[in-house]
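The structure appears below as structure tokens.
The values are calculated or read from the model by the stated rules, or taken from the named source; none is laboratory data. Keep in mind that what you see is a predicted model, and the values were worked out from it rather than measured. No Cβ is skipped: glycine too gets one built from the backbone with ideal geometry, and neighbour counts run over all protein chains shown. Note: accessible area is taken over every heavy atom of the protein model, side chains too, but ligands, DNA and RNA are not part of it. Shrake-Rupley method; radii C 1.70, N 1.55, O 1.52, S 1.80 Å.
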Amino acid sequence: MTATTVAVKDGGFRAARRVSGALTAPAERRALQWMAERAPSWVTSDQLTALGLGAQVGAGICYGLARCDRRVLWLAIVCVALNWLGDSLDGTLARVRRQQRPRYGFYVDHMVDILGAVAMMGGLGASGLVHWQVAAAMLVAFLLLSSESYLATYTLGCFELSQGMFGPTEIRLLLIAGNLALLRSPYSTVFGHRLLLFDLGGTIAAVGMFAMAIAVTVRHTAELYKQEPLP
């Protein structure tokens, strides 16, 4: 299912312009196109969307179980990879097969993203690998940034898939790298202070997302003001 929409104009839906400056975007587009063109006919975009959600919920469960045994983080890595496959390939498959459903795809894809993020951050908060306050801050920052993106898609007709060089795939790669580091030790030493590794990374991520949300809000507000100035 495709998440390339939507902007409303004169009561009708039209495709929004997709923008991505992520580091992996060019290679990812080629890989997804290749896989979509060769996917078995029985594979559908809805199935891929379900796979993406199930894998993200699975990752959250794995994080919760990691409180008892960190080796389950290997399974969390598999879940993150499957989440990428389902979440990234569903829209490409729909476009290759000319089966786009603009309103349905946009709504379902982003609700799946929200539900999956809640599941994953809930699992992290229960894992003991990060304090729940940090997990909650990451979730709030993600939801704030996501909300801004959805509003910008509607009002500006531009769907930004990334913020600068970072998009969902880069975040997943960082998460996988963090999991591998956790398998060695859940702690990091900064200026002589011993901290939970994911507390450090999560705090940086939350602050970064909050800052990006504020920056793009200011930019889009200025752009909309220019388009709709006071008489």
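What percent do you get for the relative contact order of the chain when only Cα pairs under 8 Å and 6+ apart count?
In percent, rounded to a whole number, it is 29.
Alpha carbon centre of the range 99-115 versus the range 150-209: separation in Å?
23
Please give the helix 45-65 orientation as an angle from the longest Cα principal axis of the chain, in degrees from 0 to 90, rounded to the nearest 10.
Approximately 20 degrees, to the nearest 10.
Can you give me the relative contact order of the range 10-82 as a percent, contacts being Cα pairs under 8 Å and 6 or more apart?
About 24 percent, as a whole number.
Taking only Cα atoms, what is the 0 to 90° angle, nearest 10, from helix 102-127's long axis to the longest principal axis of the chain?
For helix 102-127, the angle is close to 10 degrees.
Any chance you could look up the accessible area of residue 207 with a 1.4 Å probe, heavy atoms only, rounded to 10 Å²?
About 90 Å², ignoring ligands and nucleic acids.
To the nearest 10 square angstrom, what accessible area does residue 74 show with a 1.4 Å probe?
Roughly 140 Å² of residue 74 is accessible to a 1.4 Å probe.
Relative to the longest principal axis of the chain, what angle (0 to 90°, nearest 10) does the C-alpha long axis of helix 168-184 take?
10
With every protein chain present, what accessible area does residue 153 have (1.4 Å probe, heavy atoms only), rounded to the nearest 10 Å²?
Here the accessible area works out near 0 Å².
Please report, as a whole percent, how much of the solvent-accessible surface of the chain comes from carbon and sulfur atoms (probe radius 1.4 Å).
67
What is the sum of charges, Lys and Arg at +1 and Asp and Glu at -1, for the other residues whose Cβ falls under 11 Å from the Cβ of residue 18?
In short, +2.
Only bridges whose two residues both fall in the chain count here: according to DSSP, what percent of them are antiparallel, nearest 5?
Percent antiparallel among DSSP bridges in the chain is about 75.
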